[in-house]
Amino acid sequence: MSPPDSFFFCTMKRNLAVIALLLSIITRTEAQQYLTPAQKLMITSEDSLNNSAAKNKTVISGYGSAFYQRDFNTQVSTATLERAVLFVGHQFNEKIAFFSELEFENAKVAAGETGTGEIAMEQAYLKFNLNAHQYLVAGLFVPRIGILNENHLPNNFNGVERPLVETFIIPATWRELGVGFYGSLDRLPVNYSVAIVNGLNSAGFEHGTGLIGGRAEGSSAFANNLALTASLQYLWNDFKFQVSGYMGGTVGLNKRAADSLNVGLETGPFGTPVYLGEFDVQYAKNGFSAKALATYVAYPEADKIYRAYAKNVPAGMYGAYAELAYNWLHAKPKTDQFITFARVETMDLNSKLSTLQKAEDQYDGTLKQMHVIAGIGYLPIPNVVIKADVRIAHTGAQNPALVINPPPNALPYRQNDQFLNIGIGYSF
């Protein structure tokens, strides 16, 4: 082992020891309500409109985050204004309201320049209150899938980066055009939702990014194919349990265009379908909080997409994570919070290969990953957070059959890496 590798692994072992100590401290702390103190105390203008408590008919709100990251493998540091989101909503009357979010990612979009900057509508929908327990939404909205999708404000999750499982397996923030029905039971602590939205576009899928490239996000979405999403939440004492799912078609072409590809692509509302299932649980009280999530995506007809578009997409992928956190200032009569947390994530973006992929040895071990994250968050007020964390990443081995530019032309692939993240976030 070379001296740099030896130093890296010594550092990794030392950080793992710190994480283990943190976990032992957290697990000895008195446990108990899934809402974090930030979520209990924080109120935005969007929340006030959603709860019909806004003082003005038209309200402005927003959130944003910026971060610095150091990659110790590449010895490269980056800094970016990750996102700035502006919310504008309007209450037409007691029954009808409008919600919109305009998102700027990575600060800059310029003609003729390449980069990661993006301007997009994150939400734009009408809400129709049917009664005290039920309402409809119509337009571009975020379905209830997983934990993060509906709760993605930077002061609502721990860590500078969003959970990776809910970035790559569940591609949050995941929004589509459609109609959703939301409600709660009168005599039981149960919430539910069901929605029908436009489907995905399999031509946009890319190796290593799951479903991300297939989303339309409100931009000229295929509507020949559709998707159905649903969720069920149960609140019991200090727990919140949820199951959610997605079933949708991935081919929006008409039958003639699909048949011309000569690979047997099925069209229609749920043609060439993809399925996603998710379960999560949250628990918190007296400064302690915990959450866990598991999800699986099945794409049984991936072979057809592989032949039609030469897209190396998997027939199955999975992800799961568990997190523990503790607010050391919870007992003090103040609104500021100091949170320590640790999270372990595991995922494989090609856990199941199609028949053709197996025959051609297309398994990519670098997509089987484990990440260990530990860090802190300080909230001087519930709507502002300063964060820092360390992420230790380990992946499977690289498949030589998939390497286009092997060593010595490229640097040897390293299965272990370490990142330092420092960031800020706000919401109002």
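The values are calculated or read from the model by the stated rules, or taken from the named source; none is laboratory data. Just so you know, these numbers come straight off a predicted model, no measurement behind them. All Cβ positions, glycine included, derive from the backbone under ideal geometry; neighbour counts span all protein chains shown. Heads up: the accessible areas ignore ligands, DNA and RNA and are worked out on the full protein's heavy atoms, side chains in. Shrake-Rupley method; radii C 1.70, N 1.55, O 1.52, S 1.80 Å.
Couple of notes before you dig in:
- Number of residues in segment 184-201 that are hydrophobic (A, V, I, L, M, F, W, C) and surrounded by 20 or more Cβ atoms within 10 Å (Cβ to Cβ): the value is 3.
- Pair list, Cβ < 6 Å and 6+ apart or interchain, from segment 248-277 residues that are among the charged types (D, E, K, R) to residues that are buried (at least 23 other Cβ atoms within 10 Å of the Cβ): E266/T272
- Lone unmet requirement of (1) aliphatic (A, V, I, L, M); (2) within 30 Å of Q369 (Cβ to Cβ); (3) modelled with pLDDT under 95 for L211: (3)
- Residue match in segment 345-357 (condition: within 27 Å of F428 (Cα to Cα), modelled with pLDDT under 95 and either of a type in the set (S, T, Y) or assigned to a loop (DSSP other than H, G, I, E, B) (or both)): no
- Total residues in segment 202-213, condition aromatic (F, W, Y) and surrounded by fewer than 16 Cβ atoms within 10 Å (Cβ to Cβ): 0
Results for (1) open to solvent by less than 80 Å² (accessible area, probe 1.4 Å); (2) within 21 Å of G210 (Cβ to Cβ); (3) in a strand (DSSP E or B); (4) not acidic (D, E), shown as yes or no for each residue.
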{"position": "Q362", "(1), (2), (3), (4)": "yes, yes, no, yes"}
{"position": "G375", "(1), (2), (3), (4)": "yes, no, yes, yes"}
{"position": "P380", "(1), (2), (3), (4)": "yes, no, yes, yes"}
{"position": "D389", "(1), (2), (3), (4)": "yes, no, yes, no"}
{"position": "I392", "(1), (2), (3), (4)": "yes, no, yes, yes"}
{"position": "P408", "(1), (2), (3), (4)": "no, no, no, yes"}
{"position": "R414", "(1), (2), (3), (4)": "no, no, no, yes"}
{"position": "G425", "(1), (2), (3), (4)": "yes, no, yes, yes"}
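- Hey, L200 at pLDDT 95 or above and touching a helix residue (DSSP H, G or I) at 6+ places or on another chain (Cβ under 6 Å) or not: yes
Conditions tested, residue by residue: (1) part of a loop (DSSP other than H, G, I, E, B); (2) of a type in the set (D, E); (3) closer than 15 Å to R83 by Cβ; (4) in contact with a His (Cβ under 6 Å, 6 or more places away or on another chain).
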site	(1), (2), (3), (4)
H152	yes, no, yes, no
F157	yes, no, yes, no
E161	yes, yes, yes, no
R187	yes, no, no, no
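- Residues in segment 68-95 that are of a type in the set (V, I, T), modelled with pLDDT of 95 or more and loosely packed, with under 15 Cβ neighbours inside 10 Å: V76, T78.
- Once segment 131-183 is narrowed to residues that are crowded, with 19+ Cβ neighbours inside 10 Å and of a type in the set (K, R), the residue that is farthest from Q242 (Cα to Cα) is R175.
- Selection from segment 26-67 of residues that are touching an Asp or Glu at 6+ places or on another chain (Cβ under 9 Å), hydroxyl-bearing (S, T, Y) and at pLDDT below 70: Y34
- Candidate set from segment 96-118 (those that are β-branched (V, I, T) and at pLDDT below 95); member that is surrounded by the most Cβ atoms within 10 Å (Cβ to Cβ): V109
- Taken over segment 48-67, the criterion of being open to solvent by less than 50 Å² (accessible area, probe 1.4 Å) and outside any loop (DSSP other than H, G, I, E, B) is satisfied by S48, L49, V59, S61, G62, Y63, G64, S65, A66, F67.
- Residue list for segment 300-357, filter: open to solvent by less than 10 Å² (accessible area, probe 1.4 Å) and among the β-branched types (V, I, T): I305, V313
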